[in-house]
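Comments concern the structure below.
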Amino acid sequence: MWELLRPGILLSIMALDLRALPGGDLVEEGLSDLARGIESIPALLVSIGAPRLRRIGLPVPEKVIPIAEHRLYDLLASSGPDSAHSRYNALVRRLVSFERAAECGGL
């Protein structure tokens, strides 16, 4: 189903399919960042959703970022403590929207 052209680079046709779903841009970027060992907001989100994303059939690397929920919140708080909670919740909602859409659409 998925073909890696090189670590973190998905076959472009599949990348387009991911971006067609809500939050797909974050998931696509997170998969790429995880494959390259980069700790970013998208990589933390993919780490949070890794079990469900794997069940959907996405190629989530075995090595994900530990305690990703806390690390994501800390990262958001470092750039804006007053809005960290709402931004965290908005990002997690985008992840869940992607997961639901992917399950319904049969990725």
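Here are the numbers:
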item: Qualifying position, being modelled with pLDDT under 95 and more than 19 Å from R100 (Cα to Cα), among I56, I13; result: I13
item: Residue that is surrounded by the most Cβ atoms within 10 Å (Cβ to Cβ), among those in region 54-65 that are under 12 Å from A43 (Cβ atoms) and not β-branched (V, I, T); result: P61
item: Residue that is surrounded by the most Cβ atoms within 10 Å (Cβ to Cβ) [pool: residues in region 88-101 that are touching a Leu at 6+ places or on another chain (Cβ under 8 Å) and within 17 Å of S47 (Cβ to Cβ)]; result: F98
item: Residues located in region 63-102, provided they are of a type in the set (G, A, S), free of Cβ contacts under 8 Å to residues at least 60 places away in the same chain and either under 23 Å from D17 (Cα atoms) or assigned to a helix (DSSP H, G or I) (or both); result: A68, A77, S78, S79, A84, S86, A90
item: Only one of L58, L45, L53 that is under 14 Å from the mean Cα position of the chain (by Cα) and outside any helix (DSSP H, G or I); result: L58
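The values are calculated or read from the model by the stated rules, or taken from the named source; none is laboratory data. What you are looking at is a predicted structure, and each value in this text was computed from that prediction instead of being measured. Cβ: placed from backbone, ideal geometry, glycine included. Neighbour counts: every protein chain shown.
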